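The values are calculated or read from the model by the stated rules, or taken from the named source; none is laboratory data. None of these values were measured; they are calculated from a predicted model. Neighbour counts are summed over all protein chains in view; Cβ atoms, including those assigned to glycine, are modelled from backbone coordinates with ideal geometry.
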Amino acid sequence: MYTRETYFVLGAGASVPLGLPSAEQLRLKILNVDLNSLPGSTALFGPEDRALINELRKKYFFATDATIDTFLFHHEKYREVARVLITFLLIKHHDPPAGFAETTDNWYSWLFAKIVNGTKDPNDIYKKTRGKCITFNYDTTLDHFLLKSLTHYFNREPEFFKPFFESWGPHHIHGKLGDWPWNSSSARNLLNDEVSKGSAISAEKIRDIAKGLKFWFEDSPTPEYRYREFENNAAMVFLGFGYHDDNLSKMFTRNLTQPTRWDTPRYLYGTGFNMNTVELEELKRRFSSRMIADPFGSLEFLRRYQSDIAI
């Protein structure tokens, strides 16, 4: 796909084109959730859970600048019910919406085209792709899209592509909603229609899938994704990322001479969707390497800089 080893790092904004909420939109969903009107919520949340959710909402309302993870870092009593609630709110968005292929920011299809371009033998997929895809998102929409696309494109069973996905990813830093078919029971199989479509999934399976979610302050298998493990000439591409220090600390270390900056790869790119000029300049100053950042969505950004990345 690329001659230079390339690391894609995904934030919540990367999944927005499929109808998944951004971090701020998830906050609003939690604050405004009406359990009495949501199908399936009666079986999922008993009286004690509902009382905890109501408490959570009231306190979270005043934590105006906090992601749900940061809020839960200080409120241990709400963590388990929040894990189930987040799963419940997100999983129904997993089935790609009608017309997704024609959406203006469909970078999933762009990426798939890059992966298969010029490839006749599906065995070459594993050989030609370099780097990794690392995601801080719970959703498995990209996993689901690429796996189904590859199996149908090359007329192979899902297990055939296991080496590719185990090497390239997406690697979920904080756990995920569902799992690969070769790793999981039918309850968590991301090709299972209940898991991929979400809307018809049972309360029992939602609780089971919720066990796979981790918050940023919980143990995560991140050491192999830290910058010190990357090739010196690797390119790193942030898509839909919020650049919160809690997440950056999972991958980078502080610059010893300039503690306000992060030590990062030489070739660094990132979307700054809806950021103004001042915010973009401040973002660039936070990294020790020269960062290319522009206020575009994921697809437009990749198209603009693909010649720089794909050297």
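Points worth noting:
- Options 160, 164, 154, 145; residue that is at pLDDT 85 or above, within 17 Å of the chain's Cα centre (by Cα) and among the aromatic types (Phe, Trp, Tyr): 145
- Each residue in segment 264-289 was checked for being assigned to a loop (DSSP other than H, G, I, E, B) and out of contact with any strand residue (DSSP E or B) (no Cβ under 7 Å at 6 or more places or on another chain), and 5 of them qualify.
- Residues that are of a type in the set (Asp, Glu) and in contact with a Leu (Cβ under 7 Å, 6 or more places away or on another chain) within segment 105-124 comprise just one, 105.
- Test: residue 23 is aliphatic (A, V, I, L, M) and either assigned by TED's automatic domain parsing to the domain that holds residue 239 or under 30 Å from residue 296 (Cβ atoms) (or both): yes
- Members of segment 127-156 that are charged (D, E, K, R) and assigned to a helix (DSSP H, G or I): 127, 128, 143, 148
- Of all the criteria given as (1) more than 19 Å from residue 91 (Cβ to Cβ); (2) touching a helix residue (DSSP H, G or I) at 6+ places or on another chain (Cβ under 6 Å); (3) acidic (Asp, Glu), the one not satisfied by residue 55 is (2).
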